[in-house]
Number of protein chains: 2
Amino acid sequence: MREDARDAAGRVDEQRLWQRHAEMAQIGAIPGNGVNRAALSQEDIAARKLLLSWAARRTFTVSVDGIGNLFVRRAGTDANAAPVMTGSHMDSQPRGGRFDGIYGVLAGLEALEAMHEAGVTTRRPVEVVAWTNEEGGRFAPCTMGSMVFTGARPLADVLDITDNEGIRLRDALADTLAATPHAARRDFRSPAAGYIEAHIEQGPLLENARKTIGVVTGIQGLRWFNIEVFGKTDHAGTTPLALRKDAMRDAIAIINALAELTHDTQDITRFTVGRMLVTPNSPNSVASHVLFSVDIRHPNPQTIARLGDAVAPLARKAAKFCGLKVTPTLRDDPCVFNVPVTDAIEDAAQTLGLPHLRLPSGASHDAMYMARMCPTAMIFVPCEKGISHNEAENAAPADLAAGARVLTAALIELANR
Amino acid sequence: MREDARDAAGRVDEQRLWQRHAEMAQIGAIPGNGVNRAALSQEDIAARKLLLSWAARRTFTVSVDGIGNLFVRRAGTDANAAPVMTGSHMDSQPRGGRFDGIYGVLAGLEALEAMHEAGVTTRRPVEVVAWTNEEGGRFAPCTMGSMVFTGARPLADVLDITDNEGIRLRDALADTLAATPHAARRDFRSPAAGYIEAHIEQGPLLENARKTIGVVTGIQGLRWFNIEVFGKTDHAGTTPLALRKDAMRDAIAIINALAELTHDTQDITRFTVGRMLVTPNSPNSVASHVLFSVDIRHPNPQTIARLGDAVAPLARKAAKFCGLKVTPTLRDDPCVFNVPVTDAIEDAAQTLGLPHLRLPSGASHDAMYMARMCPTAMIFVPCEKGISHNEAENAAPADLAAGARVLTAALIELANR
């Protein structure tokens, strides 16, 4: 590790970083230590203003793009070099926690602060970005800011999306942009030399393995299906099983077959049936209709493709008595992060003496879109019991600071390449 | 078979019996050929008046007991002899059909008509009873009239039960009794020499076997449970399966274990999971709570006891990850019908040249309570595709008449014993 990177990492201020989480958590605070900070809301605007007030204390410059992604830049020595970027999002789930998203923004700002205090110079600029609407809780779909910034979907496509109260994204966005009038205008797809996103794990692996730093190797692929079983209702007392078209029985048979398909002694494959609706849903009536969801995830592109493609034929084979409709509802191909960037993160953790673990991300993040544009990876820090999207979300100040130290060192490394 | 029994059976009038079903179906008619005739409603009162108007054309006498069970008697030669009884109920499910219950009452009346027309005399009186509130759709529990008549539960226990609109059974009953002021008062538990109930099968066995007459050997036993699985919700993408407390996964494991427990190559055991409620019921959230119903039935007392008693320990063994609560919600022990009565029914079917089949009843009936008081059995006739508790319920006029013929002959046989 470079000497200046080690110095800057040492300047990361655990108290300041923790205090800023506490201040951000005041904006949209809900009972039970939670946060409700919807994208493009008054709370989102307040969070943006607070972030910019901290940036204004330094010589950092600010820009914003057409969907409200907010960029805070610390200059490099080469004014023409593409920046190295870090960041995450400031919006939350309706009943969200104090760390999901906001940690990546505040850790990024802390890295800039630490570089400033250490007097580090980098060839490339280093930028913190706060992506708009990662959660998608108010305006679907999620990861919208990075999606539009990277050109995966044009801005015009999302402007007329409305929230549950009928407010158009176009209008909420105009209000949000008007609240930061001094920010320079940033183009979509403006070049980036690299992107590192810090985030709480939202899972229990680091905590269980007693590791402080997760070196995230990619984001796993995902296949969603709705499976509908069409049977026939009958009297539960009078109809022999051989004569039934019991939608519940076939649903169970399909779930058993899918559990066998996805069985994984390494416990990498994720298989979840989280939703089931039964008709008529009466104890003494054979079910005439069952709808259930299937969620399968795996980091390997070949594996998730094989598993996802097997769902419909396997379900048809397992359903012995009833009709079937299998509807794919979502498909995200796996994203494999850039090896030099994951190596830089791992080197930083190693040099700083922080216990670390390579792991894929189970959840989606803005890094998924940035990975299409530039060398990208992520840093995870532990969260208590893996709980997230919940008021009970919690993380240790020391772990948050450790993640920011690794981030600082890795950004300096990349910003001098 | 006695000569007079054969004569009387020959007097059963298929047209009259069918026409009376059609007239009864006008009372509480709903779209799709269905009937909504709740117990102790204005429709129930109208059905009672129509029944009594037909009885009044003959020399039959009428009595009513304290819960509104209505008795129509054709006198025997021995005024002191206990009557042989037949009947069923006139109330229906909220979206019920034209045959469930009412067939047993009209077939009984048709038997009395046929005996009258054939000039048959019997030693014992023969009575048709219309039991109050067999369905329990308005006032729970079901089979209430026979339950109270036979002393299984005192009248005082049910008088304060209310319907969904807050009307007390006590008041609805008073209105019903006031509508038949000329009926003599009948005591609960007044002696009976035998009871035969005719009913549509409500299952597909007779139709599938192409048999006209079901000689019902008993009513199978039933065990109901609510099983609740208490897990923990987690992110479907991030949590390894080994670390999950997935309530759905354990629910499926329990259902698999119960399916294996109840597996029956003879297809006599009935096992149904008809109801399932999942929390939070979201595709990408591991289920924190699943509640499902278990309905197991078998005609053999030892078998149903063994199966029912195995549910809770087996569920506890199958649930690998979650907490469990197993609540028994209903237990009906099997009822074995009286052999001389089933033999009389079988002899009648045999002599009349009607294809018949011995089978247990899958559903509960008022005969279950009468069997505790006197020699009892039932006659089933086929219903289309086994459909019941449904507007689509249907039966063939010839089958209804065949059942009434067997009933007539068997009643005459019993009434001379």
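In chain A, what percentage of the DSSP-assigned beta bridges are antiparallel, given to the nearest 5?
Percent antiparallel among DSSP bridges in chain A is about 65.
Among A:L324, A:T269, A:L307, whose Cα sits farthest toward the positive end of the charge dipole of the range A:221-332 (+1 at Cβ of Lys/Arg, -1 at Cβ of Asp/Glu, about the Cα centre)?
Value computed over the given set: A:L324.
Please tell me the relative contact order of the range A:221-332 in percent, rounded to the nearest whole number, where contacts are Cα pairs under 8 Å and at least six residues apart.
Result for the range A:221-332 is 47 percent.
Between the helical axis of B:397-415 and the dominant principal axis of chain B, each derived from Cα atoms, what acute angle in degrees is found, rounded to the nearest 10?
Helix B:397-415 and the main axis of chain B meet at about 70 degrees.
Using the Cα atoms as the points, what is the convex hull volume per residue of the range B:38-122 in Å³?
Normalising the Cα hull of the range B:38-122 by residue number yields 96 Å³.
For the range B:221-332, just list the percent of Cα-Cα distances falling in each 5 Å bin from zero outward, please.
P(r) over the range B:221-332, rounded to whole percents: 2, 13, 23, 22, 16, 11, 7, 5, 2, 0.
Could you tell me whether the range B:101-228 comes out rounded, prolate or oblate from its Cα gyration tensor? Rule is a ≥ b ≥ c as square roots of the eigenvalues, rounded for a/c under 1.5, then prolate if a/b exceeds b/c, otherwise oblate.
It is oblate, given that a/c is not under 1.5 and a/b is not larger than b/c.
Mind checking which lysines have their C-alpha under 30 Å from B:K320, skipping anything on the same chain fewer than 8 residues away?
A:K211, A:K245, A:K317, A:K320, A:K385, B:K232, B:K245
Calculate, in whole percent, how much of the Cα-Cα pair population of chain A lies beyond 34 Å.
Roughly 35 percent, rounded to a whole number.
Could you give the size of the charge dipole of the range A:221-332 about its Cα centre, using +1 on the Cβ of each K and R and -1 on the Cβ of each D and E, expressed in debye and rounded to the nearest 20?
That gives the range A:221-332 a dipole magnitude of about 260 debye.
List the distances, in nm to one decimal, from the label point of A:N256 to the label points of the same position in every other copy, shortest first, placing each label point 7 Å from Cα along the Cα-to-Cβ direction.
So the distances to the same position in the other copies read 0.8 nm.
Report, to the nearest 10°, how far helix A:301-318 tilts away from the longest principal axis of the Cα atoms in chain A, using its own Cα long axis and a range of 0 to 90°.
Computed tilt is about 20 degrees.
Based on Cβ point charges of +1 for Lys and Arg and -1 for Asp and Glu, what charge dipole magnitude is obtained for the protein assembly as shown about its Cα centre, in debye rounded to the nearest 20?
Roughly 440 debye, rounded to the nearest 20.
Taking 8 Å as the Cα distance limit and 6 or more residues as the minimum spacing, I'd like the relative contact order of chain A as a percentage.
Relative CO of chain A lands at 25 percent.
A:D309 label points, 7 Å along Cα→Cβ, one per copy: pairwise distances from this copy to the rest in nm, shortest first?
So the distances to the same position in the other copies read 5.4 nm.
FRET efficiency for A:H116 and B:N226, Cβ-Cβ distance as r, R0 = 51 Å, nearest 0.05?
With a Förster radius of 51 Å, E is 0.25.
At 7 Å along the Cα-to-beta-carbon direction for both A:R358 and B:A178, put a label point, then send me their distance in nm to one decimal.
8.6 nm
Hey, got the average number of other protein chain Cβ atoms within 10 angstrom for residues in A:369-380?
0
Can you list the copy-to-copy distances for B:R57, using a point 7 angstrom from Cα toward Cβ, in nanometres, shortest first?
For B:R57, the inter-copy label distances come out at 9.9 nm.
Evaluate E = 1/(1 + (r/R0)^6) for B:R316 and B:A152, where r is the Cβ-Cβ distance and R0 equals 30 Å; express this FRET efficiency to the nearest 0.05.
0.35
Can you tell me the orientation of helix B:42-56 relative to chain B, as the angle in degrees between its alpha-carbon axis and the longest Cα principal axis, to the nearest 10?
It is inclined by approximately 30 degrees.
How far is the Cα center of the range B:90-155 from the Cα center of the range B:225-293, in Å?
41 Å
Charges at C-beta only: +1 for Lys and Arg, -1 for Asp and Glu. How large is the resulting dipole of chain B about its Cα centre, in Debye rounded to 20?
Charge dipole, chain B, about its Cα centre: 760 debye, nearest 20.
Test of understanding: in a Gaussian network model of chain B with alpha carbons linked when under 10 Å, which of B:V294, B:V62, B:V128 would top the mean-square fluctuation ranking?
In this elastic network of chain B, the residue with the biggest mean-square fluctuation among B:V294, B:V62, B:V128 is B:V294.
Report the percentage of all Cα-Cα pairs in the protein assembly as shown whose separation exceeds 36 Å, rounded to a whole percent.
57 percent
A short reminder: the numbers here are calculations on the coordinates, not readings from a lab. Owing to the predicted nature of the structure, the values given are computational and were not obtained by experimental measurement. Don't worry about glycine lacking a Cβ; one is built from the backbone with ideal geometry, like all the others, and counts go over all protein chains shown.
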